[in-house]
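Quick notes on the structure that follows.
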Amino acid sequence: MHDINFIRTNPVEFDNRIKLRGLTNCAEKINKIDEERRNTQTVLQNILAERNILSKKIGEIKSKKKDATVIIKKVEKLKDQISSLKELEKIKEDELSAILCRIPNLPSKDVPVGDNEKNNTQYKIWGDKPKFTFKTKRHFEIGENLNLMDFDLASKLSGSRFVVLQGMLAKLERAISQFMLDKHTIENGYTEMNVPYLVKDDALFGTGNLPKFGEDLFTAGDSHWLIPTAEVPLTNLVREQIINEKELPMRVTSYTPCFRSEAGAAGKDTRGMLRQHQFTKVELVSITTPEDSKQELERMLSSAESILQDLNIHYRVMTLCTGDMGFAANKTYDIEVWLPGENAYREISSCSNCGDFQARRMNAKYKNENKNDFVHTLNGSGLAVGRTLIAILENYQTADGNVEIPKVLQKYFNGQTTIT
RNA sequence: GGAGAGAUGGCUGAGCGGUUGAAAGCACCGGUCUUGAAAACCGGCAAGGUGGCAACACCUUCCAGAGUUCGAAUCUCUGUCUCUCCGCCA
């Protein structure tokens, strides 16, 4: 949610920066409604002030047991005006927030400008593409050949975009998530949280998924939604609060399933488990002061990177351009992991600084020398577990169709070193 | 699921329909004292908004929404949530 005050005082800058996200000339329209709203409010407040004064007088007169009918008649006349002005004010407020809550965050000034992912820029690259002496397979070929990954079976239960993992692959999924949580809690300074997977509208509004992107979500039938990412419950942990500055930065992590309808992704990545309706993810969320959020994004990125480095898998980090960022972000880094079977880099993590955008929607503040200000929120995958499993299968595959278990995961396998 | 109780400022907790934005305590901030700290004492301390260059003035907010009233934290209705007891249950 944007600061109306900022739009009012910097309409040109606002329009220039929001244009980078494909929206044109918003400020004038917004400011016109805002002005109508404020004018209405001023008139209303003056009448309310008058009513309050007169009502107080009535109290004084009555306490002296005198007759107040003249003044009471006078105040009665104000009532109609008050209710119609209140109505008008509400209309203007709703009109304003309907527009404001659908406008994406302004891109940070250090984000590359562009319309689509082709304009993303490489921020860093780690390791090298591994060399294989045999023709590499894709993850689902490996998994299906091992008889440990079954898409047909899953579709009987749940339809398309689901998978059943069995035996060592199910265990691998568990080992990966365990490893990630251990790494983030023991070495990277995050506190592990166990959070609800069903949330209310308000929580999704807070992170920016609603009201615009309900299509991407699953509902649970009642007033609950299935979380598309643990970002939603984790970020909302600070909603409607004034946090003591000493508590910041707050770093939390959680391993959860994520549910996405993939409404706009028909025909995209239909083979394999790259894009599923349900997947698990270890999420990182940081709550910081405005001064610290930029460096926190770098720190968060490093935390996510540390997983792939420990797994010794080659990746690159892209800075998303203005046109490719998510709704709530002001800057986003995507970690793209190298998949030899697919001969491509694929997103495995997305780390975003949302500035105060979500904090405004959630009304999350911190106390700073007797001043209250909105916190900054950041979120990142650390990492997507399913895609990490894919990356391991493809990077650790052997000529005979088996998969080596990465060193750091072996302790979760009682010393076993290969999946066969 | 049945019966009852409740929701007030960062927290605990008072609050007759009329100077109650709200007592008191804790926490927090500033000061005195102290070599330093603690204790003690003094002072400050809710949020959001409108108008104003500003000092400041005013408006709104006591879970949410509707209502009664000249006037609601206080009365009525609805919803949400919490707690206690009973039943059921992983």
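The values are calculated or read from the model by the stated rules, or taken from the named source; none is laboratory data. A quick note: this is a predicted structure, and the numbers were derived from the prediction, not measured. Glycine also receives a Cβ, built like all others from the backbone with ideal geometry; neighbour counts cover every protein chain displayed.
The table below lists the values:
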{"item": "Residues being within 15 Å of RNA strand B (Cβ to nearest atom) and either within 21 Å of residue A:206 (Cβ to Cβ) or in contact with a Leu (Cβ under 8 Å, 6 or more places away or on another chain) (or both) - total across region A:92-124", "result": "5"}
{"item": "Enumeration of residues in region A:37-51 that are within 30 Å of residue A:12 (Cα to Cα), more than 8 Å from RNA strand B (Cβ to nearest atom) and free of Cβ contacts under 8 Å to residues at least 40 places away in the same chain", "result": "none"}
{"item": "Filter result (among the β-branched types (Val, Ile, Thr) and either more than 16 Å from RNA strand B (Cβ to nearest atom) or assigned to a loop (DSSP other than H, G, I, E, B) (or both)) within region A:20-31", "result": "A:24"}
{"item": "Checking residue A:262 against (1) under 14 Å from residue A:160 (Cβ atoms); (2) assigned to a strand (DSSP E or B); (3) charged (D, E, K, R), the condition it does not meet", "result": "(2)"}
{"item": "Selection status of residue A:210, assigned by TED's automatic domain parsing to the domain that holds residue A:249, farther than 30 Å from residue A:397 by Cα and among the aliphatic types (A, V, I, L, M)", "result": "yes"}
{"item": "Residues of region A:322-380 classified as away from RNA strand B (no atom under 16 Å from the Cβ) and not β-branched (Val, Ile, Thr), total", "result": "33"}
{"item": "Test: residue A:34 is of a type in the set (Asp, Glu), near RNA strand B (Cβ under 8 Å from one of its atoms) and surrounded by 16 or more Cβ atoms within 10 Å (Cβ to Cβ)", "result": "yes"}
{"item": "Filter result (more than 30 Å from residue A:398 (Cβ to Cβ) and either outside the structural domain of residue A:322 (by TED's automatic domain parsing) or of a type in the set (Lys, Arg) (or both)) within region A:335-385", "result": "A:360, A:361, A:365, A:367, A:371"}
{"item": "Leading residue by the ranking (nearest to residue A:216 (Cα to Cα)) among those in region A:183-203 that are modelled with pLDDT of 90 or more and of a type in the set (Asp, Glu)", "result": "A:192"}
{"item": "Residue check for residue A:105: modelled with pLDDT of 90 or more and either part of a loop (DSSP other than H, G, I, E, B) or closer than 26 Å to residue A:210 by Cβ (or both)", "result": "yes"}
{"item": "Complete set of residues in region A:202-249 that are under 15 Å from residue A:328 (Cα atoms), among the polar types (S, T, N, Q) and either away from RNA strand B (no atom under 16 Å from the Cβ) or in contact with a Lys or Arg (Cβ under 6 Å, 6 or more places away or on another chain) (or both)", "result": "A:207, A:209, A:229, A:235"}
{"item": "All positions within region A:318-371 that are out of contact with any helix residue (DSSP H, G or I) (no Cβ under 8 Å at 6 or more places or on another chain), in a strand (DSSP E or B) and not aliphatic (A, V, I, L, M)", "result": "A:319, A:332, A:334, A:336, A:345, A:350, A:371"}
{"item": "Subset of region A:52-91 [surrounded by 12 or more Cβ atoms within 10 Å (Cβ to Cβ), under 19 Å from residue A:38 (Cβ atoms) and near RNA strand B (Cβ under 10 Å from one of its atoms)]", "result": "A:82, A:86, A:89, A:90"}
{"item": "Qualifying position, being surrounded by fewer than 19 Cβ atoms within 10 Å (Cβ to Cβ), within 21 Å of residue A:282 (Cα to Cα) and in contact (Cβ under 8 Å) with a residue 40 or more places away in the chain, among A:181, A:172, A:146", "result": "A:181"}
